[in-house]
Amino acid sequence: MAGSKTRGRGGGGVSRSKSSARWLARQRRDPYTRKATAEGRVSRAHFKLEEIDRRCRLLRPGMRVLELGAAPGGWTRYVEERIRGGMLVACDFRAISAGPDTQVVEGAVGDPDVDAEIARLLDDQPVELVLSDMSPNISGIRTVDQALSMELAELAEDCADRWLKPGGRLVIKIFQGEGVEAWIPKVRKKYDKVRLLKPKASRSDSREVYVVAEGFRRSRA
Ligand SMILES: C[S@@+](CC[C@H](N)C(=O)[O-])C[C@H]1O[C@@H](n2cnc3c(N)ncnc32)[C@H](O)[C@@H]1O
């Protein structure tokens, strides 16, 4: 038994290092990774939000924004540049690169202590925009990853229900797959307009898309 375990681990190690090497090679070839490095951006995700913002006119000076799944901070830094004089609360259980005016909450959205800390930092006042780029740790088991990503989308939707002011907007990353078709109509009930966007910086072989919901009006259900 022990021998077979050892062989199993050794084989896994080799294939893991091969897939890490493939990942690194792909990163080096990726134009958005290169652009992010050249411009000193925290992450290539910056370009996804930049495009969503350009297409949907999301951000403006003075806005109050809640950001979920903010690490390493590509979106955080972009939002900071765009909402001069506004307020940003950014949450993740991983470290976020943020400027001095951003309020950082370290922990997982959905944990009652974390939710209480968000409420404290927002002074119990609503926001105009909720952003969620939360993703699960990808296991490679498609059904598991899809279920986890839908859970995160629902967590973000709940946060928006709690914190968005009427007319507010919500951006949520989802992965196309099981659960999405049933979930989107639920979101449509609460917003005037809901669309799905695939920014150019989102890899074409990824099932990732962004739901942009505008005109929050609470559930009529
Ligand atoms: C794709 S990354 C976000 C990238 C980020 N938008 C950027 O521009 O750098 C997804 C993040 O979601 C976070 N995350 C996943 N589940 C979370 C949860 N329940 N609460 C807070 N963050 C979560 C992960 O820790 C990870 O840092």
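Between amide H atoms placed 1.01 Å from N, distances below 5 Å from residue 67 occur with 89, 90, 91, 131, all of them 5 or more places distant or on a separate chain. Residue pairs exceeding 30 angstrom between C-alpha atoms, taken from 18/186; 165/198; 35/165; 35/189; 35/193: 18/186; 35/165; 35/189; 35/193.
Using a simple spin-label model with pseudo-atoms 7 Å out from Cα toward Cβ, residue 113 and residue 95 lie 2.1 nm apart.
Less than 5 angstrom separates the built amide H of residue 110 from those of 115, all sequence-distant by 5 or more or on a different chain. Sequence-ordered 3J(HN,Hα) estimates for region 187-195 from the Karplus curve with 6.51, -1.76 and 1.60 and θ = phi - 60° stand at 5, 4, 5, 9, 10, 5, 9, 10, 9 Hz, glycine and proline given as x.
Using just its DSSP H runs of length 4 or more, each adding -39500 (n - 2.57), the chain gives a mean residue ellipticity at 222 nm of -14000 deg cm²/dmol after division by all residues.
Across region 37-45, rounded Karplus estimates of 3J(HN,Hα) from the backbone phi angles (6.51 cos²θ - 1.76 cosθ + 1.60, θ = phi - 60°) give 5, 4, 8, x, 7, 5, 7, 5, 4 Hz, Gly and Pro being marked x. Size estimate for the chain follows the Kirkwood approach: the inverse of mean 1/r over distinct Cα pairs works out to 18.6 Å.
The antiparallel fraction among DSSP beta bridges confined to region 42-216 stands at about 40%.
Pairwise alpha-carbon distances in region 75-131 exceed 16 Å for 42% of all pairs. Loop-located GluC sites (Glu not before Pro) in region 24-107 (DSSP state other than H, G, I, E, B) with a sparse environment of at most 11 neighbouring Cβ atoms within 10 Å: 39.
One chain, two ends: residue 189 and residue 142. Fully extended at 0.36 nm per residue, the span grows by 14.1 nm beyond their Cα-Cα distance. Given a cut-off of 23 Å, what percent of all Cα-Cα pairs of region 76-187 lie beyond it? That fraction is 31 percent.
Once the C-beta distance of residue 162 and residue 26 is scaled by a Förster radius of 25 Å, the resulting FRET efficiency is 0.05 to the nearest 0.05. Partners of residue 173 within straight-line reach, counting aspartates and glutamates whose Cα lies under 13 Å from its Cα and excluding those fewer than 8 residues away in the same chain: 67, 133, 151, 154, 157, 208. Karplus-based coupling profile of region 94-100, in residue order and whole Hz: 9, 5, 10, 7, 9, x, x, with θ = phi - 60° in 6.51 cos²θ - 1.76 cosθ + 1.60 and x standing for Gly or Pro. When the chain is treated as a GNM with alpha-carbon contacts under 10 Å, the residue of 158, 205, 124 showing the greatest mean-square fluctuation is 205. Just 65, 144, 187 to compare: in a GNM of the chain, with alpha carbon springs under 10 Å, which one fluctuates most? Top of the fluctuation ranking is 144. Dipole size of region 60-209 about its Cα centre, with +1 on Lys/Arg Cβ and -1 on Asp/Glu Cβ: approximately 880 debye, rounded to the nearest 20. When the charge dipole of region 42-216 is built from unit charges on Cβ atoms (+1 for Lys and Arg, -1 for Asp and Glu) and taken about the Cα centre, the candidate among 150, 177, 140 whose Cα reaches farthest toward its positive end is 177.
Every number in this text was worked out from the coordinates using simple rules, so none of it is lab data. Since we're looking at a predicted model, the values are computed, not measured. Glycine also receives a Cβ, built like all others from the backbone with ideal geometry; neighbour counts cover every protein chain displayed.
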